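One structure is given below, encoded as structure tokens.
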Amino acid sequence: MSVAPTLAEATLPAAPPRRRPIIAIVLFLALATMPLAVSLGLPAHWLTLVTRAMIFAIAALSLDLILGVGGLVSFGHAAFIGIGAYVTGIMITEGRSEALLILPVILAACALFAAITGAVSLRTRGVAFIMITLAFGQMAYFLAQALSAYGGDDGLTLYERSTLAGFKPFANRTSFFYVVLATLVGCYALISTIVASRFGRALRAARENATRVTVTGYDVGRIRLIAYVISGMIAGLSGFFLANQTDFVSPAFISWQRSGELIFMVVLGGVGSLHGAIIGALAYLFAEDVLSGWTEHWRVIFGPLIVLFVLFTRGGLVGIIGKLTSKFGSKRDD
């Protein structure tokens, strides 16, 4: 009888304690009340803004799986958003608007792209991995530009939205909001389960010491590739929702700048904290909205703010929330 699995189990880091995800629960409950808050007087555009933020939160969650847990900095993650958006746009244009038909195609296309590009990219580490994922992302970007039948560089306008089992939940802002929220909660639950599993522990251990994990019987390359494929498939869902919200698809969805924004969202919220990725996406989109309302040169202000935040804070917004919570708890104990 082989003892390799037993030895391998012993080398894996202990599973994270099963603490009640209070922050995530409060966050999801707060998001669920947004339509009610808008009906009671909040600006109507906030519902659209929060919906957009949740769409990008799905992509940020998927990136945090490989970045925060696996230690893989992908600079081409927006390619999966673009694949999801373009599959949606092309199928709707061709008269196939049913989401139950579109979503399997998106998942299959993202899985195939992730498997092919991941098999090549994961042979490298560090800066080389970043540059190869960037190169693959740019390849997807230029391919989208070359799709002249579907708008090319000008993009593709959608004149209808997807249906779901014959219904039209994406045509109404409130129902669309709750569909995106339900998907976000489902993705959070899925990734949380993966991270807490033996697979997630092996992925986390490979980030710390890949050689040790390999010696104990785990195939590190295979583990990372599976995580990369899962991450890409989840990011593709955000592309589906983004196309339906904007009624438009363009190569800008796939640009390297979009990939950089996803990394900023993860870092802003707190790398390795899944609810931090959601908080980071919300904070990023809200800051962008506020600053763009002040000046058209808002990026000149926003860029230095992000740099200063990263330099002088540890653990992102989740780290700040944790410190405030601990201080409040210690005062109550006193």
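The values are calculated or read from the model by the stated rules, or taken from the named source; none is laboratory data. Treat the numbers as computed from the prediction; the structure is a model and nothing was measured. So basically every Cβ, Gly included, is an ideal-geometry build from the backbone, and we count neighbours across all protein chains shown. Keep in mind that these areas ignore ligands, DNA and RNA; they rest on the heavy atoms of the full protein, side chains included. Shrake-Rupley method; radii C 1.70, N 1.55, O 1.52, S 1.80 Å.
Solvent exposure of the chain amounts to 49 Å² per residue of accessible area, where only protein heavy atoms count and the probe is 1.4 Å.
Answer rounded, prolate or oblate for region 28-118, using the Cα gyration tensor with square roots of eigenvalues a ≥ b ≥ c: rounded when a/c is under 1.5, else prolate when a/b is larger than b/c, else oblate. Since a/c reaches 1.5 but b/c is at least a/b, the shape of region 28-118 is classed as oblate.
Classify the chain as rounded, prolate or oblate, taking a ≥ b ≥ c as the square roots of the eigenvalues of its Cα gyration tensor: rounded when a/c is under 1.5, otherwise prolate if a/b is larger than b/c and oblate if not. It comes out oblate by the Cα gyration axes.
Order Glu296, Glu98, most accessible first, counting only protein heavy atoms with a 1.4 angstrom probe.
On the way: Glu296 150, Glu98 35 Å².
The ordering from most to least exposed comes out as Glu296, Glu98.
Cβ under 11 Å from Ile132's Cβ, Ile132 left aside: what net charge do those residues give with Lys, Arg +1 and Asp, Glu -1?
Local charge sum for Ile132: +2.
Looking at the chain as a GNM with Cα springs under 10 Å, which of Tyr86, Tyr150, Tyr228 has the largest mean-square fluctuation? Result: Tyr150 has the largest fluctuation of those listed. Taking only alpha carbon atoms, region 76-158 gives an Rg to Rh ratio of 1.03, where Rh is the Kirkwood radius. Coupling constants for region 297-306 follow from the phi torsions by the Karplus curve (6.51 cos²θ - 1.76 cosθ + 1.60, θ = phi - 60°), and in residue order they are 9, 4, 5, 5, 8, 5, x, x, 4, 5 Hz; glycine and proline get x.
Structure remark: mean-square fluctuation, Gaussian network model of the chain, C-alpha springs under 10 Å; the largest value among Glu160, Glu94, Glu261 belongs to Glu94. Taking the Cα centre of each part, how many Å lie between region 260-328 and region 34-72? Centre-to-centre (Cα) distance: 13 Å.
Per residue, the chain reaches -24000 deg cm²/dmol at 222 nm when only DSSP H runs of four or more residues are counted, each adding -39500 (n - 2.57). How many percent of the accessible area of the chain is carbon or sulfur, using a 1.4 Å probe? The C+S portion of the solvent-accessible surface of the chain is 67 percent. Overall form of region 187-334: oblate. Here a/c, set by the Cα gyration tensor axes a ≥ b ≥ c, is 1.5 or more, and a/b is not larger than b/c.
Ordering Trp294, Trp46, Trp256 by accessible surface, largest first, gives Trp294, Trp256, Trp46; the 1.4 Å probe counts only protein heavy atoms, with every chain in place.
Take each peptide in 36-42, 262-268, 233-239, count the other Cβ atoms within 10 Å of every residue, and average; sorted highest first, the result is 233-239, 262-268, 36-42.
Computed from phi, the 3J(HN,Hα) profile of region 43-56 under the Karplus parametrisation 6.51, -1.76, 1.60 (θ = phi - 60°) reads x, 4, 5, 5, 5, 5, 5, 5, 4, 4, 5, 5, 4, 6 Hz, with x in place of Gly and Pro.
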